[in-house]
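Novice: Supplied in structure tokens, the structure appears directly below.
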Amino acid sequence: MDNKQLQQFILPIALLFLTLLAVIYFIPKVFGNIRNYTSMSSDIKAKQEQLQQAQTKLDEIKSAEAAANKKENDASNADKPFYKPIMAGFDSEAAIAGEFSEILQLVRANKIKIRSIKYEYDKDVADDAFAQNAGDKYNVARLNIEMIANYTNYDNFLKELYKHEHFLDIQQIEIVPYKKNKKILLINCKVKLYAKK
């Protein structure tokens, strides 16, 4: 055999040998990566199932909490007594004056500024289904209070108004941030007050 023939065999053999070495070197790494991928894939599926279970549990807790809060709110309003003036026989304005005064005290105690107060009594509140069905047992007043407050003071006021010892109906609240200073709120609050006759 001469050199030319030998070179023709050496080159393919060398390439075959190098290919064999590369395969031997890379096969464990490929199988290791495949094992890692399947392991990570199963871990991800397990974590997704755990997340789904936790989300379901969280949704159940939130719904139970909302139901409990609604029940508590309904019960707390139902248990509140109606305001009753010390002396009977007053007209609507005089009968509700004490209750109105308590609401103003809440406003002042929480450092809220009043822009305006409008109020309507019995005849002007003819659309009140409760007062209509109760006959002549209650005096009714609707207050429309426009206020200026910051978030914290208004939050405290609203909590205290909700916890107020006498029954009242918070009908509507509109809150708009002041354009020049977003920390200040412009509030329009409509509340119905009731007093036993």
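The values are calculated or read from the model by the stated rules, or taken from the named source; none is laboratory data. As the structure is a prediction and not an experimental result, all values here were calculated from the model. All Cβ positions, glycine included, derive from the backbone under ideal geometry; neighbour counts span all protein chains shown. Protein only, heavy atoms only, side chains kept; ligands, DNA and RNA dropped before computing areas. Shrake-Rupley method; radii C 1.70, N 1.55, O 1.52, S 1.80 Å.
Novice: Ignoring ligands, DNA and RNA, what percent of the accessible area of the range 133-179 is carbon or sulfur (1.4 Å)? Write out the running numbers ahead of the final one.
Specialist: Details: 1370 of 2770 Å².
Roughly 49 percent of what the probe reaches on the range 133-179 is carbon or sulfur.
Novice: Given K62/K159; K113/K163; K113/K180; K159/K183; K70/K182; K80/K137, which pairs have Cα atoms separated by over 25 Å?
Specialist: Details: K62/K159 21 Å; K113/K163 21 Å; K113/K180 17 Å; K159/K183 19 Å; K70/K182 31 Å; K80/K137 17 Å.
Listed pairs above 25 Å: K70/K182.
Novice: With a 10 Å radius around each residue's Cβ, average the other Cβ atoms per peptide and rank 104-112, 16-24, 179-187, highest first.
Specialist: Working: 104-112: 15.3, 16-24: 9.9, 179-187: 12.0.
Highest to lowest by the protection proxy: 104-112, 179-187, 16-24.
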